[in-house]
1. With a 10 Å cut-off between alpha carbons and a GNM built on chain B, which of B:139, B:279, B:179 moves the most?
2. Using the Cα atoms of the stretch B:14-69 to build a convex hull, what is its mean projected area in square nanometres?
3. Nearest 0.05, what FRET efficiency do residue B:63 and residue B:209 give at R0 = 56 Å with Cβ-Cβ as r?
4. Taking Rh as the Kirkwood radius, which is the inverse of the mean 1/r over Cα pairs, what is the Rg/Rh value for the protein assembly as shown?
5. With a 10 Å Cβ neighbour count serving as the proxy for reagent exposure, in which order, fewest first, do B:235, A:103, A:19 appear?
6. Limiting things to C-alpha atoms, what are the Rg and the maximum Cα-Cα separation (Dmax) for the stretch A:146-188, in angstroms?
7. Among the listed pairs A:141/B:30; A:197/B:136; A:15/B:130; A:197/B:30; A:5/B:130, which have their C-alpha atoms separated by more than 31 angstrom in this model?
8. List the lysines whose alpha-carbon lies under 23 Å from that of residue A:106, not counting same-chain residues fewer than 8 positions away?
Amino acid sequence: MNAEKTLAIRAIIRKARRYDLLVALLGLLALSVAIFTLAALFIDMAVTGIPRLTGDFFLNFPSRRPAEAGILSSWVGSILVMTVTAFVAVPLGIAGAIYLEEYARKNWFTDVIEINITNLAGVPSIIYGLLALGLFVYTFKLGQSILTAGLTLALLILPIVITATREALRSIPQHIREAAYACGASQWQVVQDHLLKYSTPGILTGVIIGMSRAIGETAPIITIGALTFIAFLPPAPGQLNIETGQAAGLFDWVWSPFTVMPIQIFNWTSRPDPRFHENAAAAAFVLVLMTLSMNAIAIWLRYRLRKNIKW
Amino acid sequence: MAIAPPDAIPGPALDQRGEARLAEYAAIKKARQRRETLIEGVLLAAASVSVLTTLGIVYILVRESISFFSHVSIWDFLTDTQWTPLFDDAHFGIWVLMSGTITSSLVALAVAIPLGTVIAIYLSEFAGHKTRETLKPLLELLSGVPTIIYGFFALLVVTPLLQKIFPELPGFNVLSAGLVMGVMIIPYVASLSEDAMRAVPMSLREGSYAMGSTRFQTAVNVVVPAAFSGIASAYILGISRAVGETMILAVAAGMQPTLSFNPMEPAATITSFIVQVALGDLPHGSIGYQTIFAAGLSLMLLTLCFNLAGHWLRKRYREAY
């Protein structure tokens, strides 16, 4: 080996090392662009919005005067729509996933369902809005109600719930099932007493992520034609209607017109008056806080799950 | 309640009581089987809801589009250069909306694909275990932010910033909406590409390192080609997100239908047009009402094309280990 060659090789190695370092830095830079955006978004909203976050802001209806406007009807609406969504999407999603993972035989119909779920996850959310407008609002005559919105969002998050549940079920080892069958359990007993119990954290993760997606969805709800100016609350069960003098039934609220947080934000953002933009920032801050904490819980659950369970 | 199967009961001849018990067991078994079948039926029905959803989407879009195309010829729809469906002099040129969708998607992808790929390479090939486990969840939080909030951010924060660089930029423009949309898509591209790269077996990397390759050379020459089908489907997912994105564009891009590919101008996309119409009060069954379904059908077909392309890419370039 002569010294010249050694030097040349060292130069090549140095160059390669430099490249490695450069790419690693580039990667960190790209990551920081993404994370910096998240931080900027959060801080901007906090700085603009927090001064508006008084008790009145949560207890006032929207108003033409920006200083008096609040988010009462929208946060109540969001919670009610989410309730309907959860009641529809969670049982349907879990049941569908159990069928596909535990019961389905390998045939063309199962294939159709599986391909279909993958495709549905990629359908733009506004298309669900069109489906709801054509089907729920005008064909089934459900109106532009909390029920329609809840059903629409339930269909939207169904693929998320199904996929998460299937993954949770798949991670349970086969010998758990076999042990239960060996004790004489029927298939449903295995599912009910064992599989569902062990997969609860996994399912919960999927449900939380789905719900956090649903609570921030704007496009499908605008498409069904939800009003943006609502200065009343849906009738609580038993509440007296002043015009008719009748008490509201237990489920009358599902037929009520409504507004939700994202629509209220959209409404305030699209006004020219900058004082409404402060309101939008405040409402957006509340919404971001809600979705981010839901996501954080889900990520934490998944992390804990991966760490603790060893079969 | 362990029940022994009937043939396992010992004894030469079964007496009256034994037979009664057998019949009882048989009845229990039958009831149990009925219950199981019933439950399976209910579960199957739940699984079929997704198929019904797809059928519902196709049925609604096609039904309304058929009545739309009985008023407007498909030729005009595809070739007209104006989009004024709600004016007296109505024109229905879908290309006007397509141009907005394409321009905004291109801006978004120009951000998301390079950044997403570099992040994926970094996370999969360069970052240590601990760094990855901390940074990936943080990145996933980005995809949890509601899009209306990105729209708000694009209109009220990014546009004023951009106007400092380009003073003639209008208040509503495709550029800022597209840039923010790109950041929104980064997690989808990065996360899926990273999964694909991590699925490449370690032995391939070790072979490459053994030949004296550096990390960067291994990443570019071995890992990325091996994971190509997965990375391609990550890109495709990014594209369909960009094409279907609604609220960022509706808030920040101005909903103004012009046939132009200039990102410095306001524009309407297919999705933001649907929002614009839905915000107004259109009577059910009018031509304006049917327009949004025709637009929706175009959007659906566009995303379907991308999904098929993704499927083909996956099949064509799949590496099996």
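1. Between B:139, B:279, B:179, it is B:279 that shows the largest mean-square fluctuation.
2. On the way: hull surface 19.9 nm².
With the hull built on Cα positions only, its mean projection is 5.0 nm².
3. Numbers: r = 59 Å, r/R0 = 1.05.
Computed FRET efficiency for residue B:63 and residue B:209: 0.40.
4. On the way: Rg = 28.1 Å, Rh = 27.2 Å.
With Rh from the inverse mean 1/r over Cα pairs, Rg/Rh is 1.03.
5. Numbers: B:235 23, A:103 17, A:19 14.
Exposure proxy ranking, most exposed first: A:19, A:103, B:235.
6. For the stretch A:146-188, the Cα radius of gyration and maximum Cα-Cα distance read 16.4, 47 Å.
7. Values: A:141/B:30 42 Å; A:197/B:136 28 Å; A:15/B:130 27 Å; A:197/B:30 27 Å; A:5/B:130 39 Å.
A:141/B:30; A:5/B:130, as the Cα separations exceed 31 Å there.
8. B:315
Rule-based calculations on the coordinates, nothing more; no lab input. Being a predicted model, the structure only gives us computed values, none of them experimental. With ideal geometry, Cβ positions are generated from the backbone for all residues, glycine too; neighbour counts draw on all protein chains shown.
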